[in-house]
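Bear in mind these aren't lab numbers, they're just calculated from the coordinates by the rules spelled out. Computed from a predicted model, the values in this text were never measured in an experiment. Cβ placement follows ideal geometry from the backbone for every residue including glycine, while neighbour counts extend to all protein chains displayed.
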Amino acid sequence: FMIKRPLIIDCDPGTDDAQCIMMLNACGLFDIRGITPVHGNVPLEFTSKNALFLSKYYGINRPVYKGAEERLIVRLPRAEYVHGSNGLGGFEYDLNGLNFADGKAWDFLYGEAVKQKGQLELVAIGPLTNIAITIMKHPDFPKLIKKFVIMGGARTAGNATPLAEFNIYQDPHAAEIVFKAGFEDFTVVDLQCCMTAYLTKEEEEKLGATPKNNSLCGLMHQVVRHRQENLRKLKGTKYNDLAEQEGKKMVFCDAAAAAVMIDPTISKYQDYYMMCETRGDKTFGQTVIDRLGFAGTTNIHLALGVDRDRFRQLYFDCLKKYEV
Ligand code: BDR
Ligand code: CA
């Protein structure tokens, strides 16, 4: 008998968030205490409904506490072009009388952290607004968290701007609060790490043809179809080269965070002090890495990149758990 690790998933589903949650549930290591959706890829109205739906669809059936509707300070465009207007690539579902839990994400996050007496783990795969609000309300929150993993940031090129990664760019002020907050075991899975956790063209096709005996086949078909349609639309436009590049490897960014959470040995790490740029004109939302140690301390473990074959194995093993 193994005691499951208590975990909260803070997310903005999101087609790739959906993959991450799928894996965290399937691996069987975690006692998912609840899900705390935040604004991000699409507005909170959709990310929260998607979280509620996924909790049921995957058989997690744990409470979903709505979080922040807006960033702390900035207002920026969202990513409907990637995830579809409903955030799940247009996958349609019925909420069938499902209800949100009463209360706000940050109160649940703190309450659960206290209740778990230092054992709670946390994964955040959207903008960091919910986590920053929790910290501002309860500065002792970070010390109560056993292990914290985020998908966010970029050590080189960004995907929202030339230097900023989407999650961090959506709320850089929240990110800066989180980096400074004093989490003791804090792993950053950045964009460059995510890029190493890809599926090949053949594996993408396999996913798109997930057999009917898998209860997730509907969602998987739609997610792959939506991605392929998106890429097709970019053909012949000024984004042609980018689309061609993206077409070669399918990356579900947030799935890399799940892999690191499930099997930390899948990546190597380097400790750094990480900060977030909140004022720059071209650098707004960039994660800044103190490579030479000016800070005299470190605050994160940067996940350098995953073992691709082990990632593929883990991903499809997790998916298999949903066969009926
Ligand atoms: C991150 O941004 C979102 O589009 C994805 O869900 C992922 O969390 C990748 O930059
Ligand atoms: Ca996300």
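Quick look at the values:
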read-out	value
DSSP-defined beta bridges in the chain - what % are antiparallel, rounded to 5	35 percent
Rough spin-label spacing in nm, given labels placed 7 Å along Cα→Cβ, for ALA157 and LEU76	1.8 nm
Cross-link reach list, aspartates and glutamates versus LYS147, counting only Cα pairs under 16 Å and skipping chain neighbours closer than eight places	ASP10, ASP31, GLU112, GLU121, GLU184, ASP185, ASP263, ASP271
Sites ASN61 and LYS212 - FRET efficiency at Förster radius 22 Å, r taken between beta-carbons, to 0.05	0.45
Percentage relative contact order, the chain, counting C-alpha pairs under 8 Å, at least six apart	20 percent
The chain - Cys residues lacking any other Cys C-beta under 4.7 Å	CYS11, CYS20, CYS27, CYS193, CYS217, CYS276, CYS318
Evaluated at q = 0.17 Å⁻¹: base-10 log I(q)/I(0), Debye formula over Cα of segment 81-218	-1.11
Efficiency of FRET from Cβ geometry, LYS238 and THR265, R₀ 45 Å, rounded to 0.05	0.60
Per-residue [θ]222 nm for the chain (sum of -39500 (n - 2.57) over DSSP H runs n ≥ 4, rounded to 500)	-11500 deg cm²/dmol
Two-decimal log10 I(q)/I(0) for segment 37-123, as the Debye equation yields it once each C-alpha is a single scatterer, q = 0.11, 0.13, 0.25 Å⁻¹	-0.35, -0.49, -1.28
Whole-Hz ³J(HN,Hα) from phi, Karplus 6.51 cos²θ - 1.76 cosθ + 1.60, for segment 7-20, glycine and proline x	9, 10, 10, 9, 7, 9, x, x, 5, 7, 4, 4, 5, 4
Those aspartates and glutamates that a straight Cα-Cα span of less than 19 Å connects to LYS249, excepting residues fewer than 8 apart in one chain	ASP16, ASP17, GLU165, ASP190, GLU202, GLU203, GLU204, GLU205, GLU229, ASP241, ASP307, ASP309
Karplus (6.51, -1.76, 1.60) ³J(HN,Hα), θ = phi - 60°, over segment 210-216, in Hz, Gly and Pro reported as x	3, x, 4, 6, 9, 5, 9
Cut-off 15 Å, label 7 Å out along Cα→Cβ of LEU231, residues of segment 198-216 by amide N	198-209
Per DSSP, loop trypsin sites (Lys or Arg not before Pro) in segment 173-249 with at most 10 further Cβ within 10 Å	LYS212, LYS238
Extension gain, LYS115 back to LYS248 (0.36 nm per residue minus Cα-Cα distance, nm)	43.3 nm
Residues listed by number, segment 115-146, amide nitrogen under 20 Å from ASP290 label point at 7 Å toward C-beta	142-143
Listed pairs LYS104/LYS233; LYS49/LYS146; LYS66/LYS180; LYS212/LYS233; LYS146/LYS248 exceeding 30 Å between Cα atoms	LYS104/LYS233; LYS146/LYS248
Convex hull of Cα atoms in segment 1-84, direction-averaged projection (nm²)	5.7 nm²
Size-normalised alpha-carbon gyration radius of the chain, reference 2.2 N^0.38 Å	0.93
Between segment 124-160 and segment 168-196, the alpha-carbon center distance in angstrom	5 Å
Translational diffusion of segment 162-240, µm² s⁻¹ [Kirkwood Rh, Cα pairs; Stokes-Einstein; 37 °C; 0.692 mPa s]	204 µm²/s
